[in-house]
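The values are calculated or read from the model by the stated rules, or taken from the named source; none is laboratory data. Predicted, not measured: the structure shown is a model, and the values here were computed from it. Using ideal geometry, Cβ is built from the backbone for each residue, glycine included, and neighbour counts are taken over all protein chains shown. All accessible areas refer to the heavy atoms of the entire protein, side chains included, with ligands and DNA or RNA removed. Shrake-Rupley method; radii C 1.70, N 1.55, O 1.52, S 1.80 Å.
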Amino acid sequence: LIVPSRPMTDFRTVLATSSQILPDAKNLYFYPFGRDALLVALRAFKIVPGDAIIIPAYICESTVEPLKRAGYRVVFVDVESDFQLDPDKVLETAEICDAKAVLAVHYFGIPLDFGRLVALLHSSGVRVIEDCCHSFLTRFDGRRIGSFGDAAIFSMRKSLPIPDGGAIRMNAQDFDRTVFSCLANTAPYVGLYLASRVLEAFINSVGWPNIYSPASDVLKKRLRGRMRTQELKLGADFLPPRQLPSRLLERYLSNEKYLKRVRDRTVENYVLLVKGTLALGFQPFIPQLPLGCVPQWMPLLDLSGQIVPWLRKHGVGACRWPWHELPADVISLPERYPISNDFNNSLALIPVHQSIGSREVSQMLHLLEKLMVRTATISIEKNFL
Ligand SMILES: Cc1ncc(COP(=O)(O)O)c(C=O)c1O
C-alpha cells in the first residue's frame with residue numbers, strides 16, 4: 001500500500017459545478033507560487049533590492065533563492081525550540097542590519113502567536129510578512145491565519161491537489177497598489193498537471209515502482225535541479241505576474257464540503273497517528289494540536305534518523321523538511337543556527353493529508369512497529385556480542 005506524500009486529485013470535487021469562491025479565499029491576489037507572492041509583497045511595501053530581509057534559518061532554499069536573485073540581502077535568525085522567532089533577538093538583528101521586513105513562518109500548519117513580534121517590529125517600522133505556506137486552512141484565535149502581519153503569503157498547492165496557489169493577502173492599508181494592477185487574464189493550464197497526477201495514482205495502485213525509493217529520489221532531485229536552472233534565467237528585475245487561480249483551485253476553493261472534509265480528515269489522521277506512535281514508544285513533537293489547526297504533517301522526533309528512510313523504502317511519502325533544501329549558509333554554520341539544523345536532522349514528517357484514510361494510518365503504524373522491533377533486536381544483538 002502506497003501512502004502518498006501529498007493529496008491526490010479529488011475528481012468528485014473537480015467535476016462538480018462550481019459556485020462562488022468561499023469568503024476565506026477572497027481578497028487574495030493569486031500568483032504561481034508562494035515564493036512569487038513573497039517577492040510581490042515586498043515590492044508592495046516599497047522594499048527594494050539591496051534592502052535587508054530577516055528570514056528564519058529553518059527555511060527552504062526555494063524561498064530564499066529568488067530573494068537573493070532579486071538582490072535582497074537575506075539575514076538569517078535561528079528559530080527557537082517551539083518554532084517561534086524570539087522577538088528580542090529579531091529586533092536586535094533588525095536594528096543591526098537595518099532590515100525592512102521579517103518573514104514569520106507558521107510551520108507545518110501549526111499557528112504561532114506573533115503578537116509581540118509584530119508589536120515590537122511595528123514600533124521600529126519593520127514590516128512583518130506572515131508565511132502561511134504550510135497553513136492555508138488553519139485558523140487561530142477564531143480568525144483565519146494570516147491576519148496578524150502586514151501581509152500574508154500562501155502556497156495552497158501544499159494543502160490542495162493543484163499546480164498553483166501562490167497568494168497574498170494584504171492586511172496593512174499603506175502599500176503600493178500598482179504592483180497588483182497588472183493581471184494576466186488567463187488561468188494556468190492544468191492538463192499536464194492532471195495527467196501527471198492520474199499517472200501517479202495509477203503507479204500507486206499498482207505499487208510499482210516505489211516513487212519514494214532512493215533511486216526515485218535521485219531522479220526527482222535531478223529534475224528539480226533542471227527546473228531551477230530555468231528559473232535562474234529570469235533575471236534580477238523579474239516581478240512575477242499576477243494571475244487568475246487555476247480552474248482546479250477555483251473548484252476546491254468554492255466547495256465548502258470538500259474543504260471541511262480536508263480539515264476533518266487531516267485532524268483525525270493526526271490524532272490517530274499521535275495516539276498510535278505514543279503507544280509504540282515514539283515521540284510526537286507536538287502531541288496536542290492547537291484549536292483550529294489544520295496540520296500539513298505530523299512531526300515525529302527521530303534522533304536515530306531511521307524513520308524517514310524506512311518509511312520511504314516501504315512506500316510511505318514521509319520526509320524531512322527542508323531536507324536537501326536547507327540553505328547552504330545555514331548548514332555551514334551549525335553553531336550559529338543549531339536549532340534549524342537540529343530540526344532538519346531530527347524531525348520525521350509523517351503525511352496526514354486528506355487522501356489518507358484509516359487503512360493508510362494503520363499501514364504507517366504497522367511499519368513503525370516493525371521498525372521499533374527491528375531496532376530493539378539489533379541493539380540486543382549488539383549488547384550480546
Ligand atoms: C515555509 C515556506 N515558505 C514559502 C515557500 C515557497 O512556496 P512555493 O513552493 O509555493 O514557492 C515554501 C515552499 O516550500 C515554504 O515551505
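Okay, residues lined up against (1) open to solvent by less than 30 Å² (accessible area, probe 1.4 Å); (2) assigned to a helix (DSSP H, G or I); (3) among the polar types (S, T, N, Q):
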position	(1), (2), (3)
Gln20	no, no, yes
Ala41	yes, yes, no
Ile55	yes, no, no
Tyr58	yes, no, no
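For segment 300-315, state whether one or more residues are within 18 Å of the chain's Cα centre (by Cα) and within 16 Å of the ligand (Cβ to nearest atom). No, segment 300-315 contains no residue that is within 18 Å of the chain's Cα centre (by Cα) and within 16 Å of the ligand (Cβ to nearest atom). Among the numbered conditions (1) surrounded by 19 or more Cβ atoms within 10 Å (Cβ to Cβ); (2) more than 16 Å from the ligand (Cβ to nearest atom); (3) assigned to a loop (DSSP other than H, G, I, E, B), the only one that Val294 does not meet is (2).
Quick one: is His314 farther than 28 Å from Asp164 by Cα and either surrounded by fewer than 20 Cβ atoms within 10 Å (Cβ to Cβ) or not aliphatic (A, V, I, L, M) (or both)?
Numbers: farther than 28 Å from Asp164 by Cα: yes; either surrounded by fewer than 20 Cβ atoms within 10 Å (Cβ to Cβ) or not aliphatic (A, V, I, L, M) (or both): yes.
Criteria met by His314.
Scanning segment 22-39 for residues that are within 27 Å of Lys100 (Cα to Cα) and part of a loop (DSSP other than H, G, I, E, B) returns Asn27, Leu28, Pro32, Phe33. Of all residues in segment 169-202, those satisfying the criterion of being in contact (Cβ under 8 Å) with a residue 12 or more places away in the chain, small (Gly, Ala, Ser) and open to solvent by 30 Å² or more (accessible area, probe 1.4 Å) are Ala184, Ala187, Ala201. Against the list (1) assigned to a loop (DSSP other than H, G, I, E, B); (2) more than 22 Å from Gln354 (Cα to Cα); (3) within 16 Å of the ligand (Cβ to nearest atom), the condition Asp164 fails is (2).
Which of the residues belonging to segment 316-338 are within 16 Å of the ligand (Cβ to nearest atom), under 18 Å from the mean Cα position of the chain (by Cα) and not in a strand (DSSP E or B)?
Let us first name the residues in segment 316-338 that are within 16 Å of the ligand (Cβ to nearest atom), namely 317, 319-327, 330, 337.
Filter again for under 18 Å from the mean Cα position of the chain (by Cα), leaving 317, 319-327.
Within segment 316-338, Gly317, Arg320, Trp321, Pro322, Trp323, His324, Glu325, Leu326, Pro327 meet the criteria.
Count of segment 275-284 residues, restricted to those that are of a type in the set (S, T, N, Q) and open to solvent by less than 70 Å² (accessible area, probe 1.4 Å), is 1.
Considered as a group, the residues in segment 86-126 that are touching a residue at least 24 places away in the same chain (Cβ under 8 Å) and of a type in the set (Lys, Arg) include one that is most open to solvent (accessible area, probe 1.4 Å), and that residue is Arg116.
Of all residues in segment 245-291, which are part of a loop (DSSP other than H, G, I, E, B) and touching a Pro at 6+ places or on another chain (Cβ under 8 Å)? Passing the criteria: Ser246, Phe285, Ile286, Leu289, Pro290.
Picking from Asp82, Asp51, which residue would you name as being at pLDDT 95 or above, out of contact with any Phe, Trp or Tyr (no Cβ under 9 Å at 6 or more places or on another chain), surrounded by fewer than 20 Cβ atoms within 10 Å (Cβ to Cβ) and among the charged types (D, E, K, R)? Spell out the reasoning first.
Numbers: Asp51 fails: out of contact with any Phe, Trp or Tyr (no Cβ under 9 Å at 6 or more places or on another chain).
Every option except Asp82 fails the conditions.
Residue-level analysis places Ile153 outside the set of residues that are closer than 17 Å to Leu22 by Cα and touching a strand residue (DSSP E or B) at 6+ places or on another chain (Cβ under 6 Å). Every listed requirement among (1) aliphatic (A, V, I, L, M); (2) more than 16 Å from the ligand (Cβ to nearest atom); (3) at pLDDT below 95 is met by Ala99 save one, (3). Name the single residue, out of those in segment 134-155 being part of a strand (DSSP E or B) and open to solvent by less than 10 Å² (accessible area, probe 1.4 Å), that is farthest from the ligand (Cβ to nearest atom). For segment 134-155, the residue satisfying everything is Ala151.
Out of Leu219, Leu234, Leu223, one residue alone is touching a Pro at 6+ places or on another chain (Cβ under 9 Å), open to solvent by 60 Å² or more (accessible area, probe 1.4 Å), of a type in the set (A, V, I, L, M) and modelled with pLDDT under 95. It is Leu234.
For segment 60-96, a tally of residues being hydrophobic (A, V, I, L, M, F, W, C) and either within 15 Å of the ligand (Cβ to nearest atom) or under 18 Å from the mean Cα position of the chain (by Cα) (or both) returns 10.
The residues on offer are Lys382, Lys370, and the sole one that is among the charged types (D, E, K, R), modelled with pLDDT of 95 or more and assigned to a helix (DSSP H, G or I) is Lys370. Suppose the filter is of a type in the set (A, V, I, L, M, F, W, C) and open to solvent by less than 40 Å² (accessible area, probe 1.4 Å); does Leu272 pass it? For Leu272, the condition - of a type in the set (A, V, I, L, M, F, W, C) and open to solvent by less than 40 Å² (accessible area, probe 1.4 Å) - is not met.
Does Ser340 count as modelled with pLDDT under 95 and of a type outside the set (A, V, I, L, M)?
Here the answer is no, as Ser340 does not meet what is asked.
For the structure I just gave you, tell me whether Asp88 is more than 28 Å from Arg336 (Cβ to Cβ) and not in a strand (DSSP E or B).
Values: more than 28 Å from Arg336 (Cβ to Cβ): no; not in a strand (DSSP E or B): yes.
Criteria not met by Asp88.
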